[in-house]
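*Asks:* Please find one structure pasted underneath; my questions will follow.
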Amino acid sequence: MIRLIGVLIVIAGFALRLDTIGVVLVAGIVTGLVGGLSVGEILTTLGTAFTTNRYMTLFLITLPVIGILERYGLREVAARAIRSIKAATAGRVMTIYMIVRELAAAFSLRLGGHVQFIRPLVYPMALGAAEVNFEEVDEETKELIKGHSAAAENYGNFFGQNVFIAAGGVLLIVGTLAELGVEVTAEQVSLASIPIAVIAFVATLIQNMLFDRKLAKRLAAKQAQAEN
Amino acid sequence: MVNTILEIMYVLCGLVCLATAYYSYVDTELKTRYGTVAFWVLLAFTFVAGPHVPPAIIGAVVVLMGVLTATKQVNIASLMNSTDAFREEHSLKLGNQLFIPALTIAVVAFIVGQFTDLGGLVGLGFGAIIATIIAMVMTKASVKYIPYDGSRLLQQVGAVAILPQLLAALGALFAAAGVGQVIAEGISGILPQGNILAGVIAYCVGMALFTMIMGNAFAAFAVITAGIGIPFVYSQGANPWIAGALALTAGYCGTLMTPMAANFNIVPAAILETKNRNRVIISQVPVAIAMLIVHIILMYFWAF
């Protein structure tokens, strides 16, 4: 049982928001000690695994080009493309953003973000669509549109990223399984991630369609009430 | 051949780290600049020297890097993006062709991974190099921006860039200490032996729950795969790449439902000024639960 102390340290450390790298290292070292490894063996295990898993951090090689593209307005071009979307309802704005975000993630483009896209673009566009359709949009509806807009970013990001062959998650799966004696390749894992990406899009589509319907019902009821 | 090419690419990664160390060093405003410089130099060392020195030395270097981050010695130097006006002007001039280099990385990585024996990682490196060349020709940017903007983005990612690598190392230590066996023994008391469906449910739900507690699916993957995945799913004959891919995204279903993943759920609520700080989570819960059920069904029928 005492060997589980490392798991406990990871849970407690992450829950308390302590320094992530420090927590992981302390958990590893303590686990090694209670598991009967010597300090030398712990350092050797740590160093060997760190070196064989260097490929997980290979994305560093892509940072200069992305940085230069950002310098020349990559985000601005993407924002313009999203702004040009003509969608009639709040739900459709959010669904279209989700699929764009998901495709970008599948191509390893970090072109999303709540700060960069949801707050300045997607939420105002979804709200705008609702205002065109229903004239008056109450505070509670605005709150719901905010929640669903932010969710669209997370859905696209989470379920799209592993389609990219060298995504952090894909390489983590390959590396962790290899440490446990199971051999898989990054190509296999990224291909196996496609169905969930498609299903996540369908789930988003359904949620936003239901949301549009709910909005129409609720605001129609409100308008009828106001007229009486 | 593949290994030689990869080693060259790791040297390039090391150079990005060294550039980051340099720009931290020249930033005299940065209070913790010596700690920050030390961190990036040490990381560069592990990239370049990794296979050429005794592993224990790399282990010690990694511990030293942990001491630096735990004592808050690693911080962000001020590297500037171009001005709003500059970006606006050039984004209008260059337009959608700015996407070409960005897409090149993924397309080359896919083609090399799929149609040659070199693998996707070498493809990623080739893609990055070709994309950089295209971008330089297209923008006519000064060459100094290659290290500068690379460092700028690496600083934004920060020290946690090494987290996946570190978690894999944690997994190795867990394996060496037999943590997986202990969890497996504990769970085997509850889980019916040899029941594939029970194993699949325990693996997917375990990933989601652990991710909710820790706020981090990567960390959960190392622990839950060793403790539940290996004895109850992989050892029963699951297709490992399908089960692995699904397990991690099952964890992401947990990410959608936890305030512990603050940067995805709580910070956006604050940015959007919602009345309820859990608004984003509330929106996500129905989809997250539906997706988790889909994961269980898919793993049960597709991986076996």
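Where a number appears in this text, it was derived from the coordinates with a stated rule and is not lab data. Predicted model only: the values in this text are computed from it and were never measured. With ideal geometry, Cβ positions are generated from the backbone for all residues, glycine too; neighbour counts draw on all protein chains shown.
*Asks:* Let me spell out the model: positive unit charges on the Cβ of Lys and Arg, negative unit charges on the Cβ of Asp and Glu, origin at the Cα centre of chain B. What dipole size does that give, in debye rounded to 20?
*Replies:* 440 debye
*Asks:* Å³ per residue of the Cα convex hull, for the protein assembly as shown?
*Replies:* Taking only Cα atoms, the protein assembly as shown has a hull volume of 150 Å³ per residue.
*Asks:* Rounded, prolate or oblate: pick one for the range A:2-52, where a ≥ b ≥ c are the square roots of the eigenvalues of its C-alpha gyration tensor, a/c under 1.5 means rounded, and failing that, prolate if a/b is larger than b/c, else oblate.
*Replies:* Oblate.
*Asks:* Going by alpha carbons, how many degrees (0 to 90, nearest 10) lie between the helix axis of A:139-161 and the longest principal axis of chain A?
*Replies:* 40 degrees
*Asks:* Continuing with this model, one more query. Fewest to most neighbouring Cβ within 10 Å: what's the order for B:90, B:52?
*Replies:* Ordered by Cβ neighbours within 10 Å, fewest first: B:52, B:90.
*Asks:* Would you work out the charge dipole size for the protein assembly as shown about its Cα centre, treating the Cβ of every Lys and Arg as +1 and the Cβ of every Asp and Glu as -1, and quote it to the nearest 20 debye?
*Replies:* Taking the Cα centre of the protein assembly as shown as origin, the dipole is about 620 debye.
*Asks:* Now for a separate question. Would you work out which of A:52, A:207, A:186 lies farthest towards the positive end of the dipole of chain A, given +1 charges on the beta-carbon of Lys and Arg and -1 on that of Asp and Glu, about the Cα centre?
*Replies:* Of the listed residues, the answer is A:207.
*Asks:* Further question: Gap in Å between the Cα centre of the range B:123-182 and the Cα centre of the range A:26-79?
*Replies:* Going from one Cα centre to the other spans 7 Å.
*Asks:* Out of every Cα-Cα pair in the range A:61-227, what percent are more than 23 Å apart?
*Replies:* For the range A:61-227, the share of Cα pairs beyond 23 Å comes to 47 percent.
*Asks:* So what's the Cα pair-distance distribution over chain B, bin width 10 Å, in %?
*Replies:* 6, 19, 26, 31, 16, 3, 0
*Asks:* So for the range B:229-304, what percent of the C-alpha to C-alpha distances run longer than 15 Å?
*Replies:* Cα-Cα pairs in the range B:229-304 separated by more than 15 Å: 59 percent.
*Asks:* By average Cβ neighbour count within 10 Å, what is the ranking of A:72-78, B:269-275 from highest down?
*Replies:* Result, highest mean first: A:72-78, B:269-275.
*Asks:* How crowded by other chains is B:273-279, given as the mean number of beta carbons from other chains within 10 Å of each beta carbon?
*Replies:* Partner-chain Cβ atoms within 10 Å, mean over residues of B:273-279: 4.
*Asks:* Now for a separate question. For the range B:27-69, what does the alpha-carbon gyration tensor say about shape, rounded, prolate or oblate, given a ≥ b ≥ c as the root eigenvalues, a/c under 1.5 as rounded, and a/b over b/c as prolate?
*Replies:* Note, shape of the range B:27-69 comes out oblate.
*Asks:* So for B:224, B:130, fewest C-beta neighbours within 10 Å to most, what's the order?
*Replies:* Going from sparsest to densest Cβ surroundings: B:130, B:224.
*Asks:* Rounded to the nearest 20 Debye, what is the dipole magnitude of the range A:61-227 about its Cα centre when Lys and Arg each give +1 and Asp and Glu each give -1 at the C-beta?
*Replies:* The dipole of the range A:61-227 has a size of about 360 debye.
*Asks:* Could you run the Karplus curve 6.51 cos²θ - 1.76 cosθ + 1.60 with θ = phi - 60° over the range B:90-101 and give me ³J(HN,Hα) per residue in whole Hz, x for Gly and Pro?
*Replies:* 6, 5, 6, 5, 7, x, 5, 5, 4, 6, 4, x
*Asks:* With only alpha-carbon pairs counted, each pair once and no self-pairs, how large is the Kirkwood hydrodynamic radius of the range A:1-89 in angstroms?
*Replies:* 17.1 Å
*Asks:* Could you work out the mean count of beta carbons from other protein chains within 10 Å of each residue's beta carbon in B:230-239?
*Replies:* 1
*Asks:* Using a 10 Å cut-off on Cβ to Cβ distances, tally the other chain neighbours for every residue of B:67-76 and report the average as a whole number.
*Replies:* The per-residue average across the peptide is 3.
*Asks:* In Å, what Rg and Dmax follow from the Cα atoms of the range B:1-140?
*Replies:* Using the Cα atoms of the range B:1-140, the pair Rg, Dmax is 18.5, 52 Å.
*Asks:* I'd like the Karplus ³J(HN,Hα) series for the range B:290-298: coefficients 6.51, -1.76, 1.60, θ = phi - 60°, whole numbers in Hz, and an x wherever there's a Gly or Pro.
*Replies:* 4, 5, 5, 5, 4, 4, 4, 4, 5
*Asks:* Right, another one. Taking the Cβ of each residue in B:252, B:10, B:25 as the centre, tally the other Cβ atoms inside 10 Å and list the residues starting with the fewest.
*Replies:* Starting with the residue having the fewest Cβ neighbours, the order is B:25, B:10, B:252.
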